[in-house]
Amino acid sequence: MKIVVLAGGTSTERDVSIVSGTGICQALRQKGHQAILVDVFCGLETVNWEDPFPAEYDVEKAAEYIKGFNPQMKELKKARRDFFGSNVIELCKKADFVFLGLHGANGEDGKLQAAFDLMGIPYTGTGYLSSAMAMDKGVTKAMFQMRGVSTPGGKAMKKKDRQDSLAALGMEFPVVVKTCCGGSSIGVYIVNNQEDYVKALDEAFEYENEVVIEEFIKGVEYTVAVVDGTAYPVVQIVPKEGFYDYENKYKPGAVQETCPAPISEELTKRLQEAAVDGYHALEMESYARLDFIVTEDEKIYCLEANTLPGMTPTSLIPQEAAVLGMDYPTLCEELIRVSQKKYN
């Protein structure tokens, strides 16, 4: 297949996306596909239109080209109105399929998916509506509550309606303050007192105009991928220090990730069922990854869903797939296969 792997973009998760996209492109090349790596925002200035998907291709060189834009991103975002970079749409239209190696805003939030739907460009992952719902933690929480998926209590707050009194929200410390649409745990704060709460609001509102204030649930974190409606093995996540924030997620050795999780068969089954319930509550298709906290008495709380979860070779879904005997390149092909069902 001729495949465009889209990476980069303008979100706070740009760097992670480049790593994901590079791994995906290399894996698909190993499987014999004519895959190319393209930055959705920065695009490609020059394209050989006689052979845009060449048999010989240097993925690392393409990744370095994309990384070269990183120092200019602030200026580029200010100067540009069109999200799609040079030749991006033209290449995507010529491809058989587009693999979305994007994370965060403008890639994972349904906007790109809706645009591609209008242009008839097939892509990996779920559709625009479920992408938008899952990206917004306030909407996710509301959908979970409405569909009977256990989730921590909490409320969304817009910057213009900022409320510095937890009591006025009917809540008490400790709480979690997090941006509504951030990813990779960027803009997430666990706070235990008023001073830290006000500071967390200040910092979270620097990222976005809406945040979620959520009751803090003490427990162990787990994550479960759901692919084509079927739950994969459970991963247990235990940070060596603090919680599973951005630094711990991407700092080697900072977190102990165990798959399959060292838990009972009964708890494993309940987590997998909860993941499938959360997947359906947000009307998802193709694949996603859902994150959980489990308390000491084994009560399960679904925190959020990731519609384009990390796809570095050591990310969580590849770990789950490995337990099923599926290597990373085969997983990349499988995610294309299940995504193609949207177009059958």
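The values are calculated or read from the model by the stated rules, or taken from the named source; none is laboratory data. This is a predicted model, so every value here is computed, not measured. Using ideal geometry, Cβ is built from the backbone for each residue, glycine included, and neighbour counts are taken over all protein chains shown. Remember, those area values only see protein heavy atoms, side chains included, never the ligands or the DNA or RNA. Shrake-Rupley method; radii C 1.70, N 1.55, O 1.52, S 1.80 Å.
The set of residues in region 61-79 that are in contact (Cβ under 8 Å) with a residue 24 or more places away in the chain and either farther than 28 Å from M1 by Cβ or in contact with a Phe, Trp or Tyr (Cβ under 7 Å, 6 or more places away or on another chain) (or both) comprises N70, M73, L76, K77.
Set side by side, the residues S150, S165 differ, and just one is at pLDDT below 95, over 30 Å from V98 (Cβ atoms) and surrounded by fewer than 20 Cβ atoms within 10 Å (Cβ to Cβ), which is S165. I'm checking my understanding of the structure. Among residues of region 47-77 that are of a type in the set (A, V, I, L, M, F, W, C) and assigned to a helix (DSSP H, G or I), which one is surrounded by the most Cβ atoms within 10 Å (Cβ to Cβ)? Here the residue is I66. Within the option set D51, D82, D39, being at pLDDT below 95 and either acidic (D, E) or farther than 23 Å from M135 by Cα (or both) holds for one residue only, D82. Quick one: would you say E304 is within 24 Å of V338 (Cα to Cα) and surrounded by fewer than 17 Cβ atoms within 10 Å (Cβ to Cβ)? Here the answer is no, as E304 does not meet what is asked. Each residue in region 98-144 was checked for being open to solvent by less than 20 Å² (accessible area, probe 1.4 Å) and either at positive phi or not in a helix (DSSP H, G or I) (or both), and 16 pass.
Look at region 104-124: where a residue is among the β-branched types (V, I, T), no partner that is part of a loop (DSSP other than H, G, I, E, B) and at pLDDT below 95 sits 6+ places away or on another chain with Cβ atoms under 6 Å. Each residue in region 17-46 was checked for being under 16 Å from M311 (Cα atoms), of a type in the set (A, V, I, L, M, F, W, C) and open to solvent by 10 Å² or more (accessible area, probe 1.4 Å), and 1 of them qualify.
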